[in-house]
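**Student:** Below are the structure tokens for one structure; questions will follow.
The values are calculated or read from the model by the stated rules, or taken from the named source; none is laboratory data. Remember, predicted model here, so these are calculated numbers, not experimental data. Virtual Cβ from ideal backbone geometry, glycine too; neighbours counted across all protein chains shown. To get the accessible areas, we keep the full protein, side chains included, count just its heavy atoms, and leave off ligands, DNA and RNA. Shrake-Rupley method; radii C 1.70, N 1.55, O 1.52, S 1.80 Å.
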Amino acid sequence: MKNVMNISKKVVLGVAVGFFANFTFAQSLQEGITSIDSHKYAQAKKNFEEMISKSASAENYFYLGNTYLTQTEPDFTKAEEYFRKGLAADSKDYLNKIGLATIKLGKGNKAAAIAEIQKIVKDSRERDPEVLFRAGQALTLFEKNNDADLAVQFLDKAIEKSRKGVPAHYYYTLGDAFRLKLTNSPQVAGDAMTAYDKALPVAANKASVYTRMGTLWMQAQQWQKARQEITKAIAADPTYAPAYKALANYEIRFQQAANATKALENYAKYADEDPDTQLEIAKLYFTNQNYANARATLNKVFPVVQDPIKYKLRAYLDYADKNYTQAQADLNTFITTVTDKARIYPADRGLEGLIIAGLAKDEKDEVKKSAMMQEAQQKISIAKNAKDQTLDWDAEMIKIKGGGANVAAANAGPTSPAIEALKKQIAANPNDVDAIVKLGAAYQEVQNWDAAILTWDKMIAISPTWAYSYYAKGAAYQQLSNAEMAETSYQKFINTVLAQKPEEQAQQKETLSYAYYAVAFYNLEKNPAKAKDYAAKAVQLKPDYQDAIELNKQLNSDS
């Protein structure tokens with residue numbers, strides 16, 4: 001009996017040690033996953049490096065390599081280095097194979113990467129939920145290169161195979177996958193929210209899920225619900241950095257610069273000092289037009305950030321400061337040094353065009369100036385044709401030429417008791433769209449056209465699909481004899497209405513007719529074909545519109 005008891009103790013001790021080792025691994029892995037989700041990438045890397053020092057296993061190398069892919073700006077070189085080390089430890093490891101395929105996906109080799117991921121999953125016989133999960137996650141990581149349908153398929157299988165309990169990140173990654181389909185299939189918003197609802201009870205940090213719910217509502221333009229969920233996230237964990245990033249984007253959306261800056265300061269406070277995170281903070285400051293903080297944050301990490309994207313961000317800041325020569329040098333450095341040319345976006349070409357236009361403004365040689373402006377327009381058209389909205393390309397071009405609404409003129413312009421009352425009302429509630437619309441109309445009544453334009457811009461920021469704001473801007477610019485901006489605004493009105501449902505378009509036929517007529521008028525000399533087309537459309541929409549009838553006759557008689 002004594003010998004039996006001794007054997008039993010050894011067995012029990014061995015099981016206990018094995019259990020403790022597995023528990024420690026699971027705990028360390030979860031800590032790394034939590035750090036990544038909290039935008040503490042430096043902490044996550046340190047966590048996985050410590051795991052490798054204890055056990056240089058293939059999967060530990062994968063988790064470290066995958067951190068470099070999930071950070072805001074992926075580092076494909078470092079990720080590949082660790083995936084290769086993982087395969088050196090185990091040449092058959094599925095996770096590191098998925099990692100290498102993910103790099104291909106991120107670099108734009110989409111078809112080959114997806115085929116490779118499918119083969120890896122097939123070779124694994126779909127037994128391991130972690131392999132299925134990482135395959136699904138890989139297909140959600142890159143905005144321009146993803147496969148949401150296949151991601152959902154793999155993630156559903158990962159959840160199904162997780163017999164020991166489904167981790168929260170399986171559910172919320174499934175929600176993220178559904179969100180990638182929202183543009184073409186708005187109905188999947190419900191599927192995304194359902195996945196987040198399932199993550200909530202099992203999530204160690206509820207803030208992670210509430211933040212995702214909030215940003216989903218933002219995507220659906222349900223602003224009150226978005227704010228409620230973000231508030232819940234911060235209440236659940238006041239140190240959860242991504243909640244403040246979501247709040248900053250919310251405040252930027254409503255042009256609340258001071259609130260956005262405060263949220264960004266909290267994001268910077270609770271995210272870690274990882275250079276890539278700081279780079280993201282600098283970008284958000286730029287989006288908030290807080291150029292001083294953007295530059296200060298960028299300067300702090302510029303010497304240690306290896307990613308050439310730092311030059312692109314500095315180029316935007318230099319452009320904003322009208323330092324066109326330095327902006328051009330920085331943008332050229334980015335374009336020539338970035339190894340993955342897929343990272344050169346249409347917006348970069350648009351910025352290149354704006355910089356050239358800025359340089360052309362002071363060019364004395366008229367021939368050279370004309371050539372530069374032609375090149376600038378060609379570059380900007382790349383961004384416009386790609387429907388890129390990083391900047392308002394036409395408006396920026398007009399600003400370079402000296403156009404646009406003048407803040408000083410708006411402040412010095414006429415006012416009224418109604419205007420002053422509405423301003424106080426909006427100060428108390430910046431998102432009061434009814435008051436903003438009334439203020440825009442009130443400014444137009446007193447013929448303070450610059451102030452009207454700035455007010456309509458506020459309305460556009462809150463509701464970019466509400467078409468009338470663009471028409472009202474066009475009318476105000478027309479009164480200021482700014483033909484270029486008037487045409488741009490009227491055209492934006494036309495484009496916004498045409499994107500609406502037929503029954504919504506029908507309600508705006510008369511206003512649409514006026515806009516077509518205005519654009520036709522502005523194109524009489526520079527684009528007669530467009531003028532003729534738009535004049536005809538103006539008459540078609542409003543057959544008794546006498547000005548349009550006369551213009552239409554004139555254009556047809558000329559031809």
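**Student:** In terms of modelled amide H atoms, which long-range or inter-chain residues lie less than 5 Å from the amide H of residue 256?
**Tutor:** Long-range HN contacts for residue 256: none found.
**Student:** Could I ask something else about it? Ordered by packing density, taken as the mean number of other Cβ atoms within 10 Å over each peptide's residues, highest first, how do 85-91, 192-198 rank?
**Tutor:** Working: 85-91: 17.1, 192-198: 20.0.
Those peptides, ordered most packed to least, come out 192-198, 85-91.
**Student:** How far, in degrees from 0 to 90, does helix 433-445 lean away from the longest principal axis of the Cα atoms of the chain, to the nearest 10?
**Tutor:** Computed tilt is about 20 degrees.
**Student:** Quick one: net charge around residue 500, please, counting Lys, Arg +1 and Asp, Glu -1 for every other residue with C-beta under 14 Å from its C-beta. Numbers along the way, then the final one.
**Tutor:** Details: positive: 492, 501, 509; negative: 503, 504.
Value of the local net charge: +1.
**Student:** Cβ neighbours within 10 Å, averaged per peptide: list 243-255, 106-118, 261-273, 129-141 in order, most packed at the top.
**Tutor:** Values: 243-255: 22.5, 106-118: 17.2, 261-273: 19.3, 129-141: 24.8.
Highest mean packing first, the order is 129-141, 243-255, 261-273, 106-118.
**Student:** Solvent-accessible area per residue for the chain at a 1.4 Å probe radius, Å²?
**Tutor:** Numbers: 27800 Å² over 559 residues.
Value for the chain: 50 Å² per residue.
**Student:** Continuing with this model, one more query. Kindly state, as a whole number, the per residue volume in cubic angstrom of the convex hull around the alpha carbon atoms of the range 254-293. Mind showing how you got there, number by number?
**Tutor:** Values: hull volume 2.4 nm³, N = 40.
Roughly 59 Å³ of hull volume per residue.
**Student:** I would also like to ask the following. Going by a ≥ b ≥ c, the root eigenvalues of the Cα gyration tensor, does the range 351-490 fall in the rounded group (a/c under 1.5), the prolate group (a/b larger than b/c) or the oblate group? Walk me through the numbers on the way to the answer.
**Tutor:** Numbers: a/c = 2.80, a/b = 1.94, b/c = 1.44.
Prolate, since a/c reaches 1.5 and a/b exceeds b/c.
**Student:** Order the peptides 515-527, 46-58 from the highest to the lowest mean number of other Cβ atoms within 10 Å of their residues. All intermediate terms of the calculation are to be shown ahead of the outcome.
**Tutor:** On the way: 515-527: 20.4, 46-58: 16.2.
Answer by packing, highest mean first, reads 515-527, 46-58.
**Student:** When averaged across all projection directions, what area in nm² does the alpha-carbon convex hull of the range 20-146 cover?
**Tutor:** Values: hull surface 29.1 nm².
Projected over every direction and averaged, the Cα hull of the range 20-146 covers 7.3 nm².
**Student:** Same structure, new question: Can you tell me how the range 331-430 classifies by the Cα gyration tensor, rounded, prolate or oblate, using a/c under 1.5 as the rounded cut? Don't jump to the answer; show the numbers that get you there.
**Tutor:** Values: a/c = 3.51, a/b = 1.79, b/c = 1.97.
Cα axes put the range 331-430 in the oblate bin.
**Student:** Nearest 10 degrees is fine. How inclined is helix 309-320 to the longest principal axis of the chain, computing both from alpha carbons?
**Tutor:** Roughly 20 degrees between the two axes.
**Student:** Quick one: work out Rg over Rh on the C-alpha atoms of the chain, Rh as Kirkwood radius.
**Tutor:** Working: Rg = 28.1 Å, Rh = 26.9 Å.
Radius of gyration relative to Kirkwood radius: 1.05.
**Student:** Turning to a different aspect of this structure: Give the Debye-formula value of log10 I(q)/I(0) at each listed q (0.09, 0.15, 0.21 Å⁻¹), with one equal scatterer per alpha carbon of the range 165-293, two decimals each.
**Tutor:** Evaluating at q = 0.09, 0.15, 0.21 Å⁻¹ gives log10 I(q)/I(0) of -0.26, -0.72, -1.22.
**Student:** If you filter the range 140-180 for trypsin sites (Lys or Arg not before Pro), then keep DSSP loop positions with at most 11 other Cβ within 10 Å, what is left? Present the calculation step by step, with values, prior to reporting the outcome.
**Tutor:** Values: sites: 144, 157, 161, 163, 164, 179; in loops: 144, 163, 164.
Answer by residue number: 144, 163, 164.
**Student:** Percent of Cα-Cα pairs per 5 Å bin, from 0 to the last occupied bin, for the range 269-343, please list those.
**Tutor:** 3, 18, 26, 26, 18, 7, 2, 0
**Student:** Further question on the same structure: With a ≥ b ≥ c the root eigenvalues of the C-alpha gyration tensor of the range 462-539, is it rounded (a/c under 1.5), prolate (a/b larger than b/c) or oblate? Numbers along the way, then the final one.
**Tutor:** On the way: a/c = 2.17, a/b = 1.23, b/c = 1.76.
Note, shape of the range 462-539 comes out oblate.
**Student:** Regarding the range 63-136, what are the three Cα extents along the principal axes, ordered largest first, in Å?
**Tutor:** 32, 28, 18
**Student:** Could you give the radius of gyration (one decimal) and Dmax (whole number) of the Cα atoms in the range 108-177, in Å?
**Tutor:** 11.4, 36
**Student:** Same structure, new question: Below 8 Å between Cα atoms, with a sequence gap of 6+, how large is the relative contact order for the range 220-270 in percent? Kindly include the intermediate steps, with their values, before the conclusion.
**Tutor:** Numbers: 40 pairs, mean separation 17.0, N = 51.
Worked out over the range 220-270, it gives 33 percent.
**Student:** Something else now. With the full set of protein chains in place, find how many percent of the accessible area of the chain is carbon and sulfur; take the probe as 1.4 Å. Intermediate values should be presented prior to the final figure.
**Tutor:** Working: 14250 of 27800 Å².
The nonpolar share, carbon plus sulfur, comes to 51 percent.
**Student:** Tell me the mean residue ellipticity at 222 nm calculated for the chain from its helices only (DSSP H runs of n ≥ 4, each -39500 (n - 2.57), averaged over every residue, nearest 500).
**Tutor:** Working: 31 runs with 421 residues, N = 559.
My calculation for the chain gives -24000 deg cm²/dmol from helical runs alone.
**Student:** May I ask you to derive the relative contact order of the range 29-187, considering only C-alpha pairs under 8 Å and at least 6 residues apart, and to give it as an integer percent?
**Tutor:** About 14 percent, as a whole number.
**Student:** Note down the relative contact order for the chain as a percent, whole number, built from C-alpha pairs under 8 angstrom at least six residues apart. Display every interim value, and only then the final one.
**Tutor:** Details: 743 pairs, mean separation 33.9, N = 559.
So the answer I get is 6 percent.
**Student:** Return one number: the angle in degrees, 0 to 90 and rounded to the nearest 10, between the long axis of the Cα atoms of helix 241-253 and the longest principal axis of the Cα atoms of the chain.
**Tutor:** Approximately 10 degrees, to the nearest ten.
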